[in-house]
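J.: Structure provided below as structure tokens; questions to follow.
None of the figures in this text is laboratory data; all of them are computed from the coordinates on show. Quantities reported herein were computed from a predicted structural model and do not represent experimental measurements. Note that each Cβ is placed from the backbone with ideal geometry, even for glycine, and that neighbours are counted across all protein chains shown.
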Amino acid sequence: MQCPHCGYNDSKVLDSRDIADGVRRRRQCLSCNGRFTTYERIQKSGLYVIKKDKRRELFDKSKLLNGIRKAFEKRPVASRVIEKLADDIEADLYRQGKQEIPTYLIGDMVMENMKNLDHIAYIRFASVYREFADITRLKQEVDNLAGGIVKIALPSAQLPLLPDNGLEIVDKKSKEKRK
Ligand SMILES: [Zn+2]
């Protein structure tokens, strides 16, 4: 960084302070002792996503947010939580400092963050991003997610065999399916 007074390219930092989106530094030139201020900010432009067909497109957070919102449609998750999810992903992307990132990696990041928020939204999102070719792949994902804890709902003909609370759980699940 060149001194604005004499053009010398080395300086020492006198003071460093966090500001909203970066760091403000007070510097002193090592040659002329002149003082000046520099701002270090997170680069918020120039991040490109590489789509599956290899097209490059400028990263657009609103598109990301829309995709996430769709997955959470009618799910009991507050919109500020959904917005924070998109904010976190965006911040993460810029933190990595890359200029290009494949969409599938962004999809993976979203899924990783969604996993613990809402399983239905997660599966919806996964089915779009991973483009499950068949029901077997989808079931694998559901099985991984459930980790053997969530029981598969029994067909309604078998409902009377379940205890009362079992009925409730199955009923809730079938309602979710109808949405
Ligand atoms: Zn200078």
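J.: Which order do peptides 111-117, 19-25 fall in by mean Cβ count within 10 Å, highest first?
T.: 111-117, 19-25
J.: Which of Lys12/Lys84; Lys51/Lys84; Lys61/Lys139 have a Cα-Cα distance over 28 Å?
T.: Distance filter (> 28 Å) returns Lys12/Lys84; Lys61/Lys139.
J.: Tell me, Asp15, Asp53 in order of fewest to most beta-carbon neighbours within 10 Å?
T.: Asp53, Asp15
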